[in-house]
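Working notes, structure below.
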Amino acid sequence: MDEYDYVIVGAGTAGCVLANRLTEDGKTTVLLLEAGGSDLSIWIQMPIGYGRTFFDRRINWMYDTEPVEALGGRRSYWPRGKVVGGSGSINAMVYVRGQPHDFDDWKAAGNPGWGWDDVLPFFKKSEDFDWHSAYHGRGGPQHVTDISPHVHPICHSFIESAESLGFAATSDFNGGQPDGVGLYQINTRGGWRASTANAFLHPALKRKTLKLETKALVSRVLFEGRRATGVEYTRRGATHRVKARREVILSGGAINSPQLLMLSGIGDPAQLKAMGIEPLVDARAVGRNLQDHLAVSYFYKARTATLNDILYPALGKAMAGMRYLFDRAGPLSMSVNQSGGFVRSDPAQPHVDLQLYFSPVSYTKTPLAARKLLNPDPFSAFLLSHNPCRPTSRGHLALASPDPSVHPLIQPNYLSSAHDIETVLAGNRLLRRIAGARPLADIILEEIIPGLAVDGDEALLDDFRQRADTVYHPTSTCIMGSHAAQSVVDHRLRVHGVDGLRVIDASIFPNITSGNTNAPTVMVAEKGASMIVEDARQMA
Ligand SMILES: Cc1cc2nc3c(=O)[nH]c(=O)nc-3n(C[C@H](O)[C@H](O)[C@H](O)COP(=O)(O)OP(=O)(O)OC[C@H]3O[C@@H](n4cnc5c(N)ncnc54)[C@H](O)[C@@H]3O)c2cc1C
């Protein structure tokens, strides 16, 4: 059996950070196992390629949830990256850390060292930002781009309309004023996607101490007694075993890390036995507590040009392509999500409870069921969207089969709390208020979906149930906490009940953060890596 100091499962957002940080000393050996293949593809690296990778089975796990009662029995389509860089190779690149109280809540839930003041240095450590600010890092591996000089001008109309309703504008959601309306920052560098694969992994692969194996599906963690000693994986039809001298680290993401724990005998004993798996640790929190953001978009036909006018016509596409080719700029170098906000649905709310998106592009003609390329509409239009940013609904995940290649059963339980329904009602009303405020109102020709005939709380909630969908932020299926019965890992990300095994990815979030989940996952990996290095020093 091959032997390494650490074996990391999953070269996704978190796994790439860990692989880099753990091999920084030039001595520690790491094997990084990734179920998917290489990320050397123009559709991954060029930001606008998002529309292509969204339904590409070669690089995407393409999950479907179980039917969701509150969505009228609809299933939700959940893309997740199955490729080097993981979901960070197919995401929309929006860089949002979340609100300070998100992390203070992590700490208050029994996790010392995870409050906002504790985690801010780890956000900054990973970051290379465009300008100096007390809240941002410079010189770190991952570039964060301030897109303000490049956004579509119509984004400013959204901001002005929201301001006219009394919402404050902010110049930096990741700075001193994380709430309000403004422009998103994104993870790109020089017009290319700045995934953690590009920022952390590829430069580190020059080190002889780091090995990456792609197309390697890990099927279970190996144990001697209750100590994790390695993993078993399949590659090109053959089964391999590899030994971890110090630790095994699961970074398979919010779906796969709990699946792998269960396949390894860590989970609800009754469920495991029903699958023919011998239970090793009674850990009923594995796969529970699933959280996600659920959003709805309102579609508006515009009197002025939007990105559709560039990205739909063949000539427009060709010109945008030329521009990208020559100076890596223009719409192909950008995220489709360019502006938005974090706002209180009611000034009496203690914290922001809604995230807003304004996208200067629309896709009414991409039936999800057809699983085709996301292609912009052939007319000028834009999207206005909202989602409750701290939903309280929690879902769960269970094995469908003991076969590691079979997708688990995912039940998000969306809208199962009164809080979430109240927030959705407020969000629906707010979108209409923003669209009715000037200058946006002057630009709007027509609300095409849902259309003004759909009105009133009941009808708009019904519309939400029919159309709302994930913003691709599943978290919390292996939550961090101090009680072994209610959580999966402790505050140093060690799996309760065993030795030599940690989970480090978006699955450990005790609660979902108020915004997009990639930046907090990078932070979790930075902090996780520093704890592993610290622990190894103490053992030496
Ligand atoms: C379409 C889409 C758009 C998004 N947009 C944004 C955005 O704009 N901004 C933002 O902040 N967040 C966004 N997100 C969410 C963000 O990308 C994720 O929260 C983040 O990538 C999670 O990182 P992770 O390390 O937990 O998991 P992942 O990045 O998903 O990594 C898990 C990796 O493990 C591998 N793996 C899993 N199981 C195994 C196994 N058994 N053996 C070997 N390898 C395995 C997977 O193939 C994958 O590469 C988006 C996500 C998607 C899918």
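Observations
- Between the residues His419, Pro121, Asn375, the greatest Cα displacement towards the positive end of the dipole of the chain, with unit charges on the Cβ of Lys, Arg, Asp and Glu, is found for Asn375.
- With a Förster radius of 45 Å applied to the C-beta separation of Glu163 and Asp118, the computed FRET efficiency comes to 0.85.
- Here the calculated FRET efficiency for Ser530 and Trp192, from their Cβ-Cβ distance with R0 = 22 Å, stands at 0.20, rounded to the nearest 0.05.
- One compactness figure for region 140-208 is 1.47, namely its Cα radius of gyration divided by 2.2 N^0.38 Å.
- Ile8 long-range amide H proximity, modeled H, under 5 Å: Leu31, Leu32, Leu33, Ile249
- Prolate/oblate/rounded label for region 428-540 (Cα gyration tensor, a/c 1.5): prolate
- The alpha carbon centroids of region 266-300 and region 476-540 are separated by 17 Å.
- For the pair Arg438 and Arg284, the difference between a 0.36 nm per residue extended length and the Cα-Cα distance amounts to 50.2 nm.
- Ranked from largest to smallest solvent-accessible area, with a 1.4 Å probe on the protein heavy atoms, Ser195, Ser297 come out as Ser297, Ser195.
- Principal-axis tilt of helix 457-467 within the chain, Cα atoms, nearest 10 degrees: 50 degrees
- Of the solvent-accessible surface of region 1-67, computed with a 1.4 Å probe over protein heavy atoms with every protein chain present, carbon and sulfur atoms account for 50 percent.
- Residues whose placed amide H lies under 5 Å from that of Ser219, excluding near-sequence neighbours: Glu232, Tyr233, Thr234
- Here the scattering of region 475-540 is modelled by Debye summation over its C-alpha atoms, one equal scatterer each and no solvent; at q = 0.16, 0.17, 0.24 Å⁻¹ the log10 of I(q)/I(0) is -0.52, -0.58, -1.03.
- Taking the accessible area of region 279-393, probe 1.4 Å, and keeping the other protein chains in place, the carbon and sulfur fraction comes to 60%.
- Its Cα centre serving as origin, region 57-191 has a Cβ charge dipole (Lys and Arg +1, Asp and Glu -1) of approximately 800 debye.
- Prolate/oblate/rounded label for region 222-368 (Cα gyration tensor, a/c 1.5): prolate
- For the chain, size of Cβ-based charge dipole, Lys and Arg +1, Asp and Glu -1, in debye: 1720 debye
- Counting Cα-Cα pairs of region 1-114 in 10 Å increments starting at 0 gives whole-percent bin shares of 12, 27, 32, 25, 4, 0.
- Global dimensions of region 388-487 from alpha-carbon coordinates: Rg and Dmax equal 18.6, 57 Å.
- Surface accessible to a 1.4 Å probe, per residue, for the residues of the chain, Å²: 38 Å²
- Over all pairs of different C-alpha atoms in the chain, the reciprocal of the mean inverse distance, the Kirkwood hydrodynamic radius, equals 23.5 Å.
- Taking each residue as 0.36 nm, the span from Arg371 to Arg467 lengthens on full extension beyond its C-alpha to C-alpha distance by 33.0 nm.
- Amide proton proximity set for Gln142, modelled H, under 5 Å, gap of 5+: Glu127, Asp128
- Its residue count N fixes a reference of 2.2 N^0.38 Å for region 318-466, and the Cα radius of gyration divided by that reference is 1.29.
- The 3J(HN,Hα) values that the Karplus relation (6.51, -1.76, 1.60; θ = phi - 60°) gives for region 525-537 are, in residue order, 5, 4, 6, x, 4, 5, 5, 5, 5, 4, 5, 5, 5 Hz. Gly and Pro appear as x.
- Taking all Cα-Cα distances within region 180-289, those exceeding 21 Å account for 53%.
- Model label points for Ser401 and Arg227, set 7 angstrom from Cα along the Cα-to-Cβ axis, are 3.6 nm apart.
- Projecting label points 7 angstrom from Cα along Cα→Cβ for Ala314 and Met275 puts them 5.0 nm apart.
- Estimated from helices alone, the mean residue ellipticity of the chain at 222 nm is -7500 deg cm²/dmol (sum of -39500 (n - 2.57) over DSSP H runs with n ≥ 4, per residue).
- Centroid-to-centroid separation of region 306-363 and region 98-139 [C-alpha atoms, Å]: 26 Å
- Computed from label points 7 Å out along Cα-Cβ, the spacing between Thr234 and Thr392 is 4.4 nm.
- Three-way shape call for region 59-146 based on the alpha-carbon gyration tensor, with the a/c threshold at 1.5: oblate
- Over all pairs of different C-alpha atoms in region 100-190, the reciprocal of the mean inverse distance, the Kirkwood hydrodynamic radius, equals 14.7 Å.
- Fraction of accessible area attributable to carbon and sulfur, region 87-138 (%, probe 1.4 Å): 55 percent
- A dipole drawn for region 413-500 from +1 and -1 charges on Cβ atoms has a positive end, and of Ile479, Gln466, Gly456 the residue lying farthest that way is Ile479.
- Net lengthening on full extension, Glu458/Phe326 (0.36 nm per residue, minus Cα-Cα): 42.4 nm
- In a simple Cβ point-charge model (Lys, Arg +1; Asp, Glu -1; nothing else charged), region 61-103 has a dipole of about 180 debye relative to its Cα centre.
The values are calculated or read from the model by the stated rules, or taken from the named source; none is laboratory data. All values derive from a computational prediction rather than experimental measurement. Methodologically, a virtual Cβ is constructed for each residue, glycine included, from the backbone with ideal geometry; neighbour enumeration extends over all protein chains shown. Heavy atoms of the whole protein, side chains included, go into the accessibility calculation; ligands, DNA and RNA do not. Shrake-Rupley method; radii C 1.70, N 1.55, O 1.52, S 1.80 Å.
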